[in-house]
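Input: a single structure, listed below in structure tokens.
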Amino acid sequence: MARHAVPVFAMCMICLLLSGPRAVAQEQAPSAYRIKPSDVAVPPDVKLGEYQRTTRPFENWTLICDENLQARKKVCNISQSFVDQNQAQIFSWSLAADEKGKPFMILRTPSATGAGSKLSLKIAGRKQPLDVQLQGCNASVCVGYVPVGPMLREQIGKETTVQVSYSLPSGATVSLDAPFKGLKTALSAIN
């Protein structure tokens, strides 16, 4: 009888060990975790795996390109962002191009600024600031647009600094210096 006690005991231990992980897994709620979706929004007409985003940092600017690999179509923009002491974004702008290839700047402020508000760009060599009306807002940002003409091209080429300012409904004024330094190098990296 003593000879059979060891195998029975061993058999019970094997059963306990094999059932142990299942019991632990059953204790966790299956909905406690989920897959985090990609930060890159894939257009509905592009298959997953056929779209890629590349991000390249430059001095003061970041080049972001989205590419449809199957259609061999690439869209890029170059962005610069500013945050406050709490890491909340207070201003960003991006150099992009429209469907015809004409460059323009997309300017963004917090949504509290409000649609219809003005943002001022004080540019070197220009007496009056360039006022940009914020055209629309969503829950997080307000957006305005400025075409890149000869004056802004010259400033980008000289790598000057633009003084950006806008007012909040509270009466507070946000003012910062936005350098063009690094934008020209990021532009030349687009191929």
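Shown here for segment 99-169: trypsin sites (Lys or Arg not before Pro) in loop regions (DSSP other than H, G, I, E, B) with at most 14 other Cβ atoms within 10 Å, namely LYS100, ARG126, LYS127.
Placing R0 at 22 angstrom, the Cβ-Cβ distance between GLN135 and ARG72 gives a FRET efficiency of 0.10 after rounding to 0.05.
The residues packed around LEU121, meaning those with a beta-carbon under 12 Å from its beta-carbon, carry a net charge of +1 if Lys and Arg are +1 and Asp and Glu are -1.
Here's the picture: a label point sits 7 Å out from the Cα of LYS184 along the beta-carbon direction, and within segment 62-84 nothing has its amide nitrogen under 14 Å of it. With r defined as the distance between the Cβ atoms of GLN128 and PHE82 and R0 fixed at 22 Å, what FRET efficiency is calculated, to the nearest 0.05? Plugging the Cβ-Cβ distance into 1/(1 + (r/R0)^6) gives 0.40. In this calculation the C-beta distance from THR160 to ALA41 is compared with R0 = 30 Å, giving a FRET efficiency of 0.30.
Quick one: grab the alpha carbon gyration tensor of segment 33-114, order the square roots of its eigenvalues as a ≥ b ≥ c, and give me rounded if a/c is under 1.5, else prolate or oblate depending on whether a/b is larger than b/c. Here segment 33-114 falls in the oblate category.
Length available on full extension from LYS100 to ALA172: 0.36 nm per residue minus the Cα-Cα distance, which gives 22.1 nm. When we measure straight from the Cα of LYS122, which aspartates and glutamates land under 17 angstrom away, once same-chain ones fewer than 8 places off are left out? Straight-distance partners of LYS122: ASP131, GLU154, GLU159, ASP177. Sorting SER140, SER81, SER92, SER31 by the number of Cβ atoms found within 10 Å of their own Cβ, with the fewest placed first, yields SER31, SER140, SER81, SER92. Per-residue Cβ neighbour counts within 10 Å put ASP66, ASP177 in the sequence ASP177, ASP66, beginning with the fewest. The residues TYR166, TYR51, TYR33, TYR145, when put in order of fewest to most other Cβ atoms within 10 Å, stand as TYR33, TYR145, TYR51, TYR166. Pairs from the table (LYS36/LYS74; LYS102/LYS158; LYS100/LYS184; LYS36/LYS181) lying more than 32 angstrom apart at Cα are LYS36/LYS181.
Values quoted throughout were computed directly from the atomic coordinates according to the rules given, and no laboratory measurement underlies them. Every value quoted in this text rests on a predicted model; they were computed, and no experiment measured them. Note that we place each Cβ from the backbone using ideal geometry, even for glycine, and neighbour counts take in every protein chain shown.
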